[in-house]
Amino acid sequence: MLIGCASVENRRDPLESMNRAVFAFNEKVDDFVLEPVARGYRAIVPDPLEMIIGNVFSNFGDVVITANALLQLKFDDAAASATRVVINSTFGLFGIIDLASDISAVSDIDISKRNEDFGQTLGRYGIGPGPYLVLPFLGPSTIRDAVGIAVDSSIFHPIWSIYPDFDFLTVRFPASVGWAIDTRAQMLDTDKTLEEAALDKYEFVRDAYLQRRQNLVYDGSPPADESFEFNGEDETEKLE
């Protein structure tokens, strides 16, 4: 039984040696660069301004969510996300104010934030996740999700794709840095919990990531045997 479980684990993470090396590299970058910058950002930037920055990036993300919801034929989610973009981009002053969430909270109109990306779109159409993969700087992923990141950023995201006239050095690169810092600042409160909960931080992050992505692809209701599937093949049959 132990040998069989180890085989499944290896198939899920066949690149573990390389992944652990990249994970260690990312941890060093985070310890010496990202986390100090994020803490400085949180200390210097007033809370209202930090919220505004987060809202603007979230509004850009709703464009990506809308596109992927359409590709997955989730028309209700696509309509809700598109409505969020319209409301927040107009009455919300280009996303500075998240009016859509406020409307959803005080009414029966459900235009709350969704979560869709091209990795989920590929999974929706039966494409397996492939091996677990830790990307430099970006962190946990899979082969499928890495492709999804490339597609979302190159085709769907407003800053990096829809407006090609945006200059890289004056708009795209600063926007990427700002998004990374804002995202890291939002995760500062989870650091201590993660450190205390994980005997092996790499395994904890990997397992949590794979489980979350599985739930997102299947909207919280994955098949019972999905944890044994790899690129569409049943790993249990392989072990037998």
- Message: So if I check each of Leu73, Leu93, which one is out of contact with any strand residue (DSSP E or B) (no Cβ under 7 Å at 6 or more places or on another chain), among the aliphatic types (A, V, I, L, M) and loosely packed, with under 13 Cβ neighbours inside 10 Å?
- Response: Leu73
- Somewhere in region 127-142, is a residue assigned to a helix (DSSP H, G or I), under 21 Å from Lys74 (Cα atoms) and touching a residue at least 24 places away in the same chain (Cβ under 8 Å)? no
- Task: Would you please list the contacts, defined by Cβ atoms under 8 Å and residues six or more apart or on different chains, that run from a residue in region 13-31 that is among the aromatic types (Phe, Trp, Tyr) to a residue that is surrounded by 13 or more Cβ atoms within 10 Å (Cβ to Cβ)?
- Result: Phe23/Val134; Phe23/Tyr202; Phe23/Val205
- Message: What's the total number of residues in region 58-99 that are within 21 Å of the chain's Cα centre (by Cα), within 19 Å of Pro48 (Cβ to Cβ) and not hydroxyl-bearing (Ser, Thr, Tyr)?
- Response: 3
- Listed residues Ala79, Ala67; which is surrounded by 18 or more Cβ atoms within 10 Å (Cβ to Cβ) and in a helix (DSSP H, G or I)? Ala67
- Message: If I filter region 102-130 down to residues being open to solvent by 80 Å² or more (accessible area, probe 1.4 Å) and over 15 Å from Ile87 (Cα atoms), which single residue comes out as nearest to the chain's Cα centre (by Cα)?
- Response: Arg124
- Note on the structure: Those residues of region 141-150 which are over 11 Å from the mean Cα position of the chain (by Cα) and buried (at least 20 other Cβ atoms within 10 Å of the Cβ) amount to Thr142, Arg144
- Report, by residue number, each residue of region 34-54 that is open to solvent by 30 Å² or more (accessible area, probe 1.4 Å) and closer than 21 Å to Gly92 by Cα. Pro46, Asp47, Pro48, Leu49, Met51, Ile52, Ile53
- Message: Which count do you get for residues in region 94-126 that are of a type in the set (D, E, K, R), outside any loop (DSSP other than H, G, I, E, B) and under 30 Å from Arg12 (Cα atoms)?
- Response: 1
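The values are calculated or read from the model by the stated rules, or taken from the named source; none is laboratory data. Since this is a predicted model, take the numbers as computed values, not measurements. Glycine also receives a Cβ, built like all others from the backbone with ideal geometry; neighbour counts cover every protein chain displayed. The area values use the complete protein model at the heavy-atom level, side chains included, leaving out ligands, DNA and RNA. Shrake-Rupley method; radii C 1.70, N 1.55, O 1.52, S 1.80 Å.
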